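The structure appears right after this line, and notes come after that.
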Amino acid sequence: MTDLIHELRIKIIDTLKLEDVSPADIGEEDQLVGGELGLDSIDVLELVIMIEKDYAVKIDNKELGARVFANLKTLATHIRETAPEGIF
């Protein structure tokens, strides 16, 4: 799980072009949307697309998205639990 969390930190920074953010700046339990990173709904949409493309995991409704994007740990857990076999 630690490897996935580290990988997600890098992908979030790259996908959203967060130039002033390092992977260490994104804590496992830090709030993603509306937190210190300042992610908004457009950012979440970009991340949903990246997650679907890179991990074959769909996040297709607002309620699921709110739970999954609560923090980095919930995002990694959701990906790990729902990704097709062979992704990890």
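Distance between the pseudo-spin-label points of Lys62 and Ala24 (7 Å out from Cα toward the beta carbon): 3.9 nm. For the chain, adding -39500 (n - 2.57) for each run of n ≥ 4 DSSP H residues and dividing by the number of residues yields -17000 deg cm²/dmol at 222 nm.
Scalar couplings 3J(HN,Hα) for segment 5-17, obtained by applying the Karplus form with A = 6.51, B = -1.76, C = 1.60 to θ = phi - 60°, are 4, 4, 4, 5, 4, 5, 5, 4, 4, 5, 4, 9, 6 Hz; x denotes Gly and Pro. Taking the Cα centre as origin and putting +1 on Lys and Arg beta-carbons and -1 on Asp and Glu beta-carbons, what dipole magnitude results for the chain, to the nearest 20 debye? Computed charge dipole of the chain: roughly 260 debye. For Leu18, the amide hydrogen comes within under 5 Å of no other amide hydrogen, counting only partners 5 or more places away or on other chains and with H modelled in the peptide plane.
Where a number appears in this text, it was derived from the coordinates with a stated rule and is not lab data. Source: prediction; values computed, not measured. Every residue, glycine as well, gets a Cβ built from its backbone with ideal geometry; the counts of neighbours run over all protein chains shown.
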